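A short write-up of the structure that comes next.
Nothing in this text is a laboratory measurement; each read-out follows from the coordinates by a stated rule. Everything quoted here is computed from the prediction, not taken from an experiment.
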Amino acid sequence: MIFKNELPLNHEHSFEHLVNSWALDQQEEDKECYPDLYTTNLDYYQDWACNSLRDELNWEGLEWKEQEDE
């Protein structure tokens with residue numbers, strides 16, 4: 001994943017770590033505070049975290065695209 005008009009650094013590993021961390025945090029919060037919303041399906045929380053990250057990047061005005069295979 002690279003940002004438009006920036007050095008072609010691969011941010012994929014950092015974003016995966018962030019998404020997984022946010023997913024686990026949200027799952028734990030739901031378990032403790034919102035048991036009616038809680039699910040053991042981690043994919044649900046990872047999708048939520050990925051969407052949150054995309055929204056955050058868009059809000060910051062950052063454009064990104066998948067890194068092309070060489």
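Worth a mention:
- The value of relative contact order for region 10-62, using C-alpha pairs under 8 Å at least six residues apart, is 37 percent.
- Cα gyration tensor shape of region 10-62, rounded if a/c is under 1.5, else prolate or oblate by comparing a/b with b/c: prolate
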